[in-house]
Every structure is written in C-alpha cells, then in structure tokens.
Amino acid sequence: MCGIVGIIGKEGVVGHLLEALRRLEYRGYDSAGIATLNDNRIERRRAEGKLSNLVKLLEKDPLPGSIGIGHTRWATHGVPNEVNAHPHATDKVAVVHNGIIENFQVLRDELVAAGYKLASETDTEVVAHLITKFLDDGLLPEEATTAALKQLEGAFALGIIFAGEYDLMIAARQGSPLAVGFGDGEMFIGSDAMALAPLSENITYLEEGDCAVITSAGVTVKDVEGQYVVRSVQETALSGALTGKAGYKHFMLKEIYEQPQVIGDTLHSFVNLSEKTITLPELPIDFNTVPKITIAACGTAYYAGLIAKYWFEKIARVSVEVDIASEFRYRELVMPKGGLAILISQSGETADTLAALRYCREQGQKILSIINVPESTIARESDAVLPTYAGPEIGVASTKAFTTQLTVLATLTIVLARARGAIEVERESELVEALIELPARVADVLNHDERLKELAVELAAAQDVLFLGRGTSYPIALEGALKLKEISYIHAEGYAAGEMKHGPIALIDDGVPVIVIAPFDSLMEKTFSNMQEVIARGGRVIFLTDEEGARRLGNYATHTIALPQVDPFVAPILHAIPVQLLAYHTAVIKNTDIDQPRNLAKSVTVE
Ligand code: G6P
C-alpha cells in the first residue's frame, strides 16, 4: 500500500506534491517519486528510502512543471529501490498506483510479447505500458485509460498524466481510496483528505469503479458502467497544519503522553458527567434484540476488539465473535439475521477490515464502526460511527488510538448492558464512575515512566520476551508483545497465562524476561500460579499490577510496578500504557526508527 497525489496547478507543483507526500508517508516509506511535464515530456525524480531522500535529490536536481503526480511506496511487488519506485512511466504516460494489480503477470507477458520493454519488477508498470499500447493503437488518453482499466484485476487507486497534456489528469479507483480536491483554477488528487488538507477544503471521494477526468476547470466522473455521475463535494474539517512533536523526541512518545487528554476528549462526547450516565449518539441499532455481535479488525485494533469481547459477554451478556479481518473475510461465517458487526480501525482504510465490513453487509448485518478518521472509507460505508477523538496519530505503532478505541468500547459495553437489562443501576454507576476517573488515573500511570525506562535496559539486552495475562489482560499481553516487536525488533510473544504450560514454558530461562500483567481481580491468583511456574524455572518476572496486587504478591517478582487501583473493568486501558512505554524505551536503547519502523506502514490498504 502506498500514498498517491496529483496536482494540476498554475505554477511549479513540486513543493505542494512533496508536502502532500509528507502527509502520506504514514502509508509507506520504502521509496518516493515525482513526475511532471516539461517541454511536453514526462520527467521523473525517484529515490529509494524515505521522502527526505527525494527532497535531497530534488534540491540537487530540481523539477519544474505545473502538472505532476507523486508517490510514497510500501513495497509489495519488487524490492524497495529506485527502479521499482513510482511513478512508472513510458514516453507517453506516467502512473502512480496504490493497490495491487493481481493479473499483472499475464498482462506483463502480453506486453513483453508485443515488444514493450518493462524496467521494474512492479505490478504497476504494466498499467503505464498498457495505456501506452492503447495510445499507440490511436486511442485518445481517456479512451486508452478506460480500455486499460477494463483489463486490470485487483485493487487500485491510480493517478495518470500524459506527455504533452498540461491540462489533463486521470484518476481511477477500485478498492483503494482516492479523493479529488478542488482549488481556484487548480485541481488535486490524493489517497486521503489529510494529504490535500493544506491545498483544498472541498473534497470529492471517488466511489468503487469510478474514473475521473480532471482538468484545471474541474472534474467529470464516470461510474463502473461508464455512465456520467455526480459525486458530492464535502468540506473537509481537517487542519492544514501537520502536528509537530511538541518538544518530544518522537511522535510515539508524544502520543503516549496525550492519552489522558484524548481519553478525556473521547469520554466527554459520550458521558454525561453530572448525571453519571452514558449517552451514545442516536444509533439505528436495537441493542436489546441483537442476537450476536461480530467484531473484525487488524493489528492493535483487533486487540481492542478482543478486550471488548470479554466486556460485552461478561457485562452485557451478549454472544460475541471476534476475528482478525484478514481471516474473517474468507471464513464464510454464518451470521444471524439482525446481527451487529463492529469494525474497529484507526485509519478507517485498512483493506482487510473494509472487506470484512462488506462481507457483513452482504450477510444483512447492521454495521457499526469505531474509527479515528471520520472521512475514511470504513466510516462512510457504515450504518453508524462511534468516533475516537485521538486526533491524528502519526507514529506507526498505535498507542492513543488503541486506548481511545477501548474507551469507546467500554462506553458501548455499558449502553449494551443497560439496553439488555444485564446490569444493576448501582453497578452501572460504578462503571461510569471508573470511566470518569480514567484520564486522571492514566496521568498517574505516566508517573512510572522513569522506572519503566530503567526496566527497558533489561528488555533491550534480551533476544526474546514473553508477555503473559489472563482475561482482559491477555489482549494487553498480545499488544505488549506486538509493540515491542514492531519498534524494537526484539522477538516477543504474548500468551494467555494459563496456556503457557502448554508450550512457551520451554522457552523460560534467565535470559528471557517475562512480563506478567495482572491487576488485582478475580483472576489474579490464577495468574500468580503461572508466575510462580516461571519463577521456579529461573525466569525473571516483571510484574505489572496495581497497588493491591503489589502488596499481596509484589515480593515474588524480580521487578514490580504498582499501578493505581481502579475498577477491574477499566484496568486494561490503564495497563496498556506501561507496555507502550516499555516498548518505546527499549526501542530508544536499540536506536531504531521508532516513528517509522522498518517494513511497516501505518495504514495497510492492500490485502
Ligand atoms: C497497521 C498499523 C497498526 C494498526 C493496524 C490496523 O499494521 O501499523 O498500528 O493497528 O495497521 O490499522 P487500523 O488503521 O485499521 O487501525
């Protein structure tokens, strides 16, 4: 998955293309490139690695031109190098692409047999050559593009410019998001509204199968049937300014520290503080009669869904299934009539989560999404959206999006439980009270940062780390292991504490730190037994618990962190913070690229 941008401007467009690419770099940073028209010819600059390499290249070798396209890449087909970097071009056409052309090998073989010479290993290059082939046959640019699009299978958002055509850009969408932005005598395309925020306040989102012909005067759109359609223009509320690091060394640390604030912001929109009740926006869903809830999500958002399963089942007494979206979409799950599907996604663009949404829609489910980017595709395709108010999350490793997702899911738990008559009024007030106190308790947890930083020294020296937890602490163990892996590159595994004896216990020795997450709740004694099993085998335990847990069992562990005492209901939200900080400080010691870890991307818009 990648980020694409295109501009028909009045003067040199390279500066604006770079600014837009900077905002899209979260989608991938394996290479970046730009193509413009000069003297009727297509000219390109491309560089392996991060956008900063392209910027340096353009400083040495500038690129004029009032029309151009740009790309930031997350490699799928072909290693990350300059030859495979987009835009891909012939002498007639240049193309940027986000997605995967699944039948590229067949098309490539046909093009090569017809005498076309392809330089890269990418799937995208066939698009440039296929359009060129139709241009060579005498078709006009729009006709040639339409003919080429008909042959493409897979997912794509494409931006295309043509040699000699200063006032023409074609954009097409199938399966990957694409926005068109309107300016004053200028037009823009971008993978999302965020990319276009400094350039345009008025945005049109292309729909599946749309092909847009763009000139400086505006856009005409044809749908998948080739019929002219009008897509609505929306004003985007996104800020033109990219948030800075506000004095923090990394976005990730800033975002960890923002959690008291953004959890508070998220709660404020759902909690009536004086009445101590939760009020969600009017939702077209009857929670009382929902026979089953199905949750699908990817990565960290999936772990939020796993925690919600425990909450919804235990507190709201509703049957819940939760799955990783990439597995869910091909399982052909049988779903009950009138069921509710919940999709959780920070970006709202994750391809597998979107596909899961569409499967649920086909199965007649009501669709509720929990999303951080309200303009996103998943939000737009849902029956109802519960927004997280995390604000832009720039660090690739998700932190504040996770805890605000949990905050929303916790409020939803209470509303569900009330609607289903599963909770006593008194217990409901206790849970609401616990939520209201949450921002302050999260701030207290941040006071343990120095101590966690010291413990990170031990983790940084390890080759493997285990995270153990039971109940809602189990998904936190999974999340802790994921965070550590993705930013410090240390192998880590999250395990259900009770399952450890069925395998991972073989890994235990004094070189494998074991992080046990166990607040004082009904399961703590059980987890404690598993902790003893580790200690008996020479394992070193870092015990993440609360004050009561530390008082009772803290002496047994090598290190104990006593977090504030809260209702066990909200404990997972609190316990998410130390595992984030442990991963962060370990990565600092390992001197990795924390905000943009190798091989990863923030938003994964391919399967
Ligand atoms: C990527 C990111 C993760 C994120 C996952 C799901 O893998 O690196 O941090 O949890 O995608 O993304 P979403 O935007 O759907 O929450």
Checked segment 173-200 for anything in a strand (DSSP E or B) and within 23 Å of Glu25 (Cβ to Cβ); matches are Arg173, Gly175, Ala179, Val180, Gly181, Met187, Phe188, Ile189, Gly190
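Scan segment 583-590 and give yes if some residue there is of a type in the set (A, V, I, L, M) and touching a strand residue (DSSP E or B) at 6+ places or on another chain (Cβ under 7 Å), otherwise no.
Within segment 583-590, not a single residue is of a type in the set (A, V, I, L, M) and touching a strand residue (DSSP E or B) at 6+ places or on another chain (Cβ under 7 Å).
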Condition check for Asn555: surrounded by fewer than 18 Cβ atoms within 10 Å (Cβ to Cβ), more than 29 Å from the chain's Cα centre (by Cα) and not aliphatic (A, V, I, L, M):
yes
Within segment 126-156, work out how many residues are assigned to a helix (DSSP H, G or I) and either open to solvent by less than 10 Å² (accessible area, probe 1.4 Å) or within 21 Å of Val224 (Cβ to Cβ) (or both).
18
Could you please find all residues in segment 24-47 being open to solvent by 10 Å² or more (accessible area, probe 1.4 Å) and at pLDDT below 90?
Glu25, Tyr26, Tyr29
Across segment 362-407, which residue is surrounded by the fewest Cβ atoms within 10 Å (Cβ to Cβ) among those that are farther than 27 Å from Thr279 by Cβ, more than 12 Å from the chain's Cα centre (by Cα) and not β-branched (Val, Ile, Thr)?
Glu362
Residues Ala119, Ala47, Ala32, Ala94: which one is in a strand (DSSP E or B) and farther than 24 Å from Ile214 by Cβ?
Ala47
Can you find a residue in segment 366-373 that is within 13 Å of the ligand (Cβ to nearest atom), at pLDDT below 95 and either in contact with a Gly (Cβ under 9 Å, 6 or more places away or on another chain) or of a type outside the set (Ser, Thr, Tyr) (or both)?
yes
Which one is farthest from Ser488 (Cα to Cα), of the residues in segment 391-406 that are within 11 Å of the ligand (Cβ to nearest atom) and in a loop (DSSP other than H, G, I, E, B)?
Glu393
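The values are calculated or read from the model by the stated rules, or taken from the named source; none is laboratory data. Treat the numbers as computed from the prediction; the structure is a model and nothing was measured. Glycine gets a Cβ as well: all are built from the backbone with ideal geometry, and neighbour counts include every protein chain shown. Note: areas computed on protein heavy atoms with side chains; ligands, DNA, RNA excluded. Shrake-Rupley method; radii C 1.70, N 1.55, O 1.52, S 1.80 Å.
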